[in-house]
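The values are calculated or read from the model by the stated rules, or taken from the named source; none is laboratory data. Computed from a prediction, not measured in an experiment: that's the story for all the values here. Just the protein is used for accessible areas: all its heavy atoms, side chains included, with ligands, DNA and RNA removed. Shrake-Rupley method; radii C 1.70, N 1.55, O 1.52, S 1.80 Å.
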Amino acid sequence: MPNPNQPPVPADPGAAGANSVARLEALLRSAWREPHHLDEALESLAAAHGLSAAGLYQADGLDFVRHASGGAEHGRLPARVAVQSGGLWADATRHGAPRFLAPGAEDTAAQARAAFPAKIGQPHAPAAEWVLYAESPRELALDARHALRGWAEALAEAGQSRMALAAARAVGQHWAGLFRDSPVWCHTEHADGAIAEINRAGLEVLGRDREEVVGHKLAEFCVPRTPVPPAAAEVPAGGGGVLTPAEVQILPNHGAPVTMRLYQQPAYVDGVLTGGRSVLLNVTSEREMERQLVEAQKMQAVGTLTAGIAHDFNNLLTTVLGQIELLRLRHARTLPDDAVERLGRMEKAGRRAAGLVSQLLVFSRHDPQQMGPVEIWAAVLATVELLRHGLPENIEIRRDSQLPAARIWGSLGQLQQALVNVAANSLAAMPEGGSLSLSLSLAPAPPRGGRPAPDAPGWAVLSISDTGFGMTEAVRQRAFEPFFTTKPSSENSGLGLAIVYGIVQAHRGHIEIESSPGHGSTVRMYFPLLPASQATTPPQVAEPGSGERILLVEDDAAVADTTAQMLGSAGYRVVTATRPTQALELMRAAAEPFDLMLTDVTMPEMTGYQLADRVQAEFGPIRTVFVTGYDFQSTPGSSSRFLLQKPINLRDLAAAVRQALAAELP
């Protein structure tokens, strides 16, 4: 109830009140851009009308949230004010905020309370409902209530503007945070192409501070003569507001060039082109992978071509070496000594040619490189002999072995390839000449990190040293990475040492590099030695044949003739077919079954494997020996099928045939 002893609050507040009203009007004009002016406007309203408390709320239900510097406080309007309100609260007096009461509580300290609603229209949205709450120690006069009702709309507009400004600032801060913290390079440009702002990711790529970038054009940070279109450019019709992506080469402050894909979008204000926005994605790794794929495809093509050439060479060598062997076998007693010597030289040259073909097959990945006991120092000497003719005169080769007869379990072809690759790296590091040292020593155990081999009596350490310019620590740590190279991509594939690493791992070994700039490099390869019981494998001499019938299928006439003569000299009866279909016809017409089929793998009409399947399907199982010049990707697939590699010699041929004849048919 109002106190009858106190007069009502008048509408005219007097001179002091007039000043408060004037200040209130000024504060409301600036409250949209200065949020704290709304709080001060409520204080001025309270002073102008003698109020003890004033509050502005956005009506959105019975409960409201008071927002203050200390956090959020949930409650409701004071008792007896039956107005749905909530949302925004502003402090009203210098003496503290209105008292917030729990539902149902009673407050008797104030003599008068009033709530003045106001609706603020919003474009494309329902009108916003606001409430001005006033609390006075005396009863409010009618004209005061009218005045407060008028102020309610002005305050509501200020509150609505403050909320809109806060929302706009929140959105701006959100997008600014996305721009600032984006993991990709983003920047904006002025109409003249100068960078207006750039985020952290862009600065990290450039390796520069913001002050070094803002105000400069993107082209200033690119590889010279790189065309860089400006972002502030008219978009072609149908472009969707985005310019055609381009790729640029960025030159960081320190480091190698970086390939970036540039996306740009012009910016307009009222239809006028004012600048642009750009996003740059780092595609260096993508381009490197594409380059590596092209390099791998090129190497695959070269390998396929090499394998085809090696196949033809193996056929030629089979004929040459086979005829030499047959000549020596049949006329050993009648040939003069000088003829025997000449035949020996021819055979030695043929074997060397076969070794070269085997190395070509290793490169082309068509050689199985079957493992066996290998005399490692002999492999080193053979490789040095292979390299010697191609070395410059200013390169000196030094050799030293403490284990001349040491043997390991491995592949001669793969070991030679590893040696050639390491030697090639060493030669490239000595363009002005130097020395290449190869040594073989004994180590009781592999270095730390090497795989143990409990059955090995020790470890052979093959060291290759050069006097070249050496490597930095960073290069040394990446030396075995595939495609890593310090040379131009046109000069090196970056696979040399990666292949060496794989070969050493396949031999249960360990590899390490010791190097420093200006002091050359040393590559050490550790291989477990064979136990004495496995160190020797005496050649087995096959028993001669007893007239068994062999069907020989070979599309090369010279190879077929030589192979047939070799089999005949070993005691077998041979029937020759030069085509798979001819072989099938011979099988159908044979009065006496064949004991074994010896077939080439790569032939017209069908492969040797397909022929064997056709024969088995039509005539039942038959013992088979496959002969190939390079195709070891397929396997015989049966215990009665065997594989023999060209160029073949009489001993290996007789052993394979005898082993196949002794096998049980499935």
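For the reader, a short list of remarks on this structure follows.
- Residues His187, His510 ordered from highest to lowest accessible area at a 1.4 Å probe: His510, His187.
- Cα-Cα separations in region 364-435 greater than 18 Å, expressed as whole percent: 46 percent
- Split the accessible area of region 123-182 by element, probe 1.4 Å, and carbon with sulfur accounts for 61%.
- Listed residues Val214, Val625, Val272 arranged by accessible area, highest first, probe 1.4 Å: Val272, Val214, Val625
- Solvent-accessible area per residue for region 537-627 (1.4 angstrom probe, square angstrom): 44 Å²
- Solvent-accessible area, 1.4 Å probe, carbon plus sulfur percent, for region 281-350: 61 percent
- Computed accessible area, Ser569, all protein chains, 1.4 angstrom probe, square angstrom: 50 Å²
- Across region 262-337, the mean sequence separation of Cα contacts (distance under 8 Å, 6 or more residues apart), normalised by length, yields a relative contact order of 15 percent.
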